[in-house]
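Accompanying notes for the structure given below.
The values are calculated or read from the model by the stated rules, or taken from the named source; none is laboratory data. Keep in mind it's a predicted model, so treat the numbers as computed, not measured. Neighbour counts are summed over all protein chains in view; Cβ atoms, including those assigned to glycine, are modelled from backbone coordinates with ideal geometry. To get the accessible areas, we keep the full protein, side chains included, count just its heavy atoms, and leave off ligands, DNA and RNA. Shrake-Rupley method; radii C 1.70, N 1.55, O 1.52, S 1.80 Å.
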Amino acid sequence: MDILTLNEYLNRVVYGFPMKLVFLLVGAYLVIFQIRWFSSPLRMMRVSFSETLGAIRERAYGFGGQITPFQATMVALSATVGTGHLLGMLAAVLIGGPGAVFWMWLGYFFGTGTKFAEATLAVHFRRRFADGSVSGGPMYYLYRGFPRLRFLAYFFAFFAAVAAFGIGNLSQAGAVGGALAPLGAPPALVGLFLALLVGVVLGGGIARVARFAQVVVPLKLLLFLVAVVPLLVRYAGKIPEALALVFQAAFSPEAALGGAAGYSLFAAINAGLGRGIFANEAGLGSAPIAHAQAQVDHPVRQGFWGVTEMFMSFLVTSLTALTFIASGLWRGGGSAAEAASALFQAHPLGGLILAVTVAVFALGTMVSWGFYGEEAAAFLFGEGIRWPYRLTFAVLAFVGPLGGLEAFLAISDTLNGLMAIPNLLGLILLGPVVARLVYGFFRGEPWIPPR
Amino acid sequence: MSTGRTGRLLVRTPYLEGEVFLQNGQVVHARVRSGEKVLEGEDALDLLTGIKRAPYRFEPEVSPPHTTLLGGLAVSARLAEAEAQWRGLALPADWGYVLRLPARGGAVELGPEALRVLAQVEGKRIAEVLLAPGTLRLARILHTLLQMGALEAVPLVEVPPVSLLVLPIYGPGSGVAYVDEALFAEWARAIRHGFRLRLKPAGVVMEVRPRPNIPGRLGLLEEDLRRLRLRRGDKVEVVPEV
């Protein structure tokens, strides 16, 4: 068995339906038994809003640390809200039909528990260094949480460090190049721009990455609104119908859409859960690397920011899906790129807005993933690896728009999926720690970091 | 060469300045001053006897401006008697403490003289109250009032107000404010006495406790947030008070 065949097999495992069920079950376990969203749902919701949206006006005030909880969330959102929210979402509806959206929402709901636990544990187990900097993420909570299973931490860090080069860099740079090519941008020039930008931003450490994310995420959301709102207005009359279709097709797609359409319940669940899990990265363990940087007095506060991250991602994917379903273009089939092109033909700015939105989405993802990879590499090889890693990342950002390296991209995609295995295992085993932290938080107890 | 038996002994505390003049080994004059108020003679000597600890300096060959004490054994006997009386009194060692009526009221029976003193001492330093004729008698009355709980002596806190951002603390209870450990330690060092926290705009006084990792924040429990109509991120000026 050659390496590409092995990779293909592993890819099917890590992105397969059974794995999606594992994601869902871990999320449900955390939501129901550890965090206990349902014990007092209204209070949880109120606190969640107070801790996040209610704290936005004090976003400039940290707790004397490197970046604020808001900035940490922006870094995570910058990585999360990527092209998967646009093209990936269209692909899910094309494959699974409108019913896929319902299953995606289910994935998002239980994913809140996963993301909450990830962000909470990332802060709880993070390491503070003598220079005042901090590092955290799954590699740290696996390492410090399970002294006898430290190999899990090393596996995770290895997967993340390599995956960042591929899906976090090459594939994103390729998307930027692809989006800007129709506008006449030469791939080499796009690559050079990306390499310089990534190099400069990553070179400034987490503070500069956070400042970049603080600008790029609102820009992403603004571009998204500019792209989607005119289409939403155009198809406004069909939105209720689209919503009804989502629920009807969720359980009996054949009856709702007609058997000839070829949509099955399995396809709807599989495609929907795929989006509900992989679009927001809950369970993959990437976002907690950013959340760990937040200067908070209690890890649970950052957990609530994790939920907000999910909420933002949910809004973007849901609006994309509803617009697409309302347009009726999903019935036409074809690839996601073709569907997107057809959808945005109705936009006053045409394909230009799609190209710019995709490019900015991918750009933000690249920078945050650069930071994730760097943190993982620093965990494995020490602080000395940071600059070599940044330079390699910048070089690959240049290569991305030029194309090629398909085999490496395929392997990194699998490694991205493999990140979830040690992370989800850690989340299950550390669930009681999350429960204790949540209990202490709601008893007014101060946080005592582990030694 | 001076024998050191004639001169002036200077005693300085932050609130009082005392002088004892010796002439040929005899105490002939004593004076205590605080701002405009001056006390001389036996009362001044009584007051100086009660000071537990203070820096002093002896200046030889300084003659007294006039004589207020007779000198001889009478003065030594008076000193011994005053010292014995002071020993029986439990006044705070720091006479810079301010006297005030306790926040929590109670019923006590007081004589007319104690009542007169009580009516005049609110907000004054102990040193200022004692700097009056009949020092030892005043000290005895103050001791009684303090023992009965009709008065309390607290340090005068001159800590500048601090502006903090409200941070909700989710948990049961109320009436407790949390500040960062470092700020709490800074206040504790400056005040050296139990203290509470006054929230400036609301004018509320709360128990204050240290909490880690909340620099620049004022942690308030949910119930207090509702009661004070405060929200997360509101700016509140706080000042510790004894």
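Approximating the spin labels as points 7 Å out from Cα along Cα→Cβ, the B:Glu122-to-A:Glu406 distance works out to 9.1 nm. Sorting B:Asp180, A:Asp131, A:Asp413, A:Asp297 by accessible area puts them as A:Asp131, A:Asp413, B:Asp180, A:Asp297; the probe is 1.4 Å, largest comes first, and only protein heavy atoms count. Just want to confirm a number: the relative contact order over chain A, from Cα pairs under 8 angstrom separated by 6+ residues, in percent. Reported relative contact order: 37 percent. Which net charge results when you count Lys and Arg as +1 and Asp and Glu as -1 among the other residues whose beta-carbon is under 14 Å from that of A:Met44? So the environment of A:Met44 carries a net charge of +2. What the Cβ-Cβ distance of B:Ala132 and B:Glu17 gives, at R0 = 22 Å and to the nearest 0.05, is a FRET efficiency of 0.85.
Counting only protein heavy atoms and using a 1.4 Å probe, the accessible area of B:Ile141 comes to about 20 Å².
When only Cα pairs below 8 angstrom with a gap of at least 6 residues are kept, chain B shows a relative contact order of 17 percent. Taking only alpha carbon atoms, region B:98-154 gives an Rg to Rh ratio of 0.92, where Rh is the Kirkwood radius. Taking the three principal axes of the alpha carbon atoms in region A:98-171, the coordinate ranges are 51, 30, 28 Å, sorted in descending order.
Return the subset of B:Lys37/B:Lys124; A:Lys220/B:Lys235; A:Lys20/A:Lys238; B:Lys37/B:Lys200 for which the Cα-Cα distance in this structure is over 25 Å, preserving the input order. From the list (B:Lys37/B:Lys124; A:Lys220/B:Lys235; A:Lys20/A:Lys238; B:Lys37/B:Lys200), the Cα-Cα distance tops 25 Å for A:Lys220/B:Lys235; A:Lys20/A:Lys238; B:Lys37/B:Lys200.
Highest-first packing order for the peptide set B:62-71, A:245-254, A:368-377 is A:368-377, A:245-254, B:62-71, based on the mean count of other beta carbon atoms within 10 Å. Looking at region B:20-71, the trypsin sites (Lys or Arg not before Pro) that sit in a DSSP loop and have at most 13 other Cβ atoms within 10 Å of their own Cβ are B:Lys52, B:Arg53. Dividing the convex hull volume of the alpha-carbon atoms in region B:7-87 by its residue count gives 87 Å³ per residue. Taking only the Cα atoms of chain A, the ratio Rg/Rh comes out at 0.95, with Rh defined as the Kirkwood radius. Shown here for region B:116-182: trypsin sites (Lys or Arg not before Pro) in loop regions (DSSP other than H, G, I, E, B) with at most 11 other Cβ atoms within 10 Å, of which there are none.
Taking a point 7 Å out from the Cα of A:Ala255 in the direction of its Cβ, none of the residues of region A:297-341 has a backbone N less than 17 Å from it. So in region B:162-241, what percent of DSSP beta bridges are antiparallel if you round to the nearest 5? Around 60 percent antiparallel, to the nearest 5.
Peptide B:168-181 is shielded by partner chain Cβ atoms: per residue, an average of 3 of them sit within 10 Å of its Cβ. Take each residue in A:438-447, count the other chain C-beta atoms within 10 Å of its C-beta, and the mean is 4. Across peptide A:49-58, the mean count of Cβ atoms from other chains lying within 10 Å of each residue's own Cβ comes to 4. For region B:62-150, the alpha carbon positions stretch 50, 25, 23 Å along the principal axes, listed from largest to smallest. Modelled spin labels at A:Val226 and B:Val157, positioned 7 Å past Cα toward Cβ, are 5.4 nm from each other. Applying both filters, DSSP loop and at most 16 other Cβ atoms within 10 Å, to the GluC sites (Glu not before Pro) of region B:53-123 gives B:Glu61, B:Glu109, B:Glu122.
Rolling a 1.4 Å probe across all protein chains gives B:Met148 an accessible area of roughly 80 Å². Taken about its Cα centre, region B:98-154 carries a charge dipole of roughly 80 debye when the Cβ of each Lys and Arg holds +1 and the Cβ of each Asp and Glu holds -1. Ranking B:His143, B:Ala30, B:Thr49 by Cα position along the charge dipole of chain B, where only Lys, Arg, Asp and Glu carry charges on their C-beta atoms, puts B:His143 farthest toward the positive end.
For A:Lys115, the aspartates and glutamates whose Cα falls under 13 Å of its own Cα, not counting residues fewer than eight places away in the same chain, are A:Glu281, A:Glu309.
Assuming charge only on the beta carbon of Lys and Arg (+1) and of Asp and Glu (-1), the dipole of region B:162-241 about its Cα centre is about 140 debye to the nearest 20.
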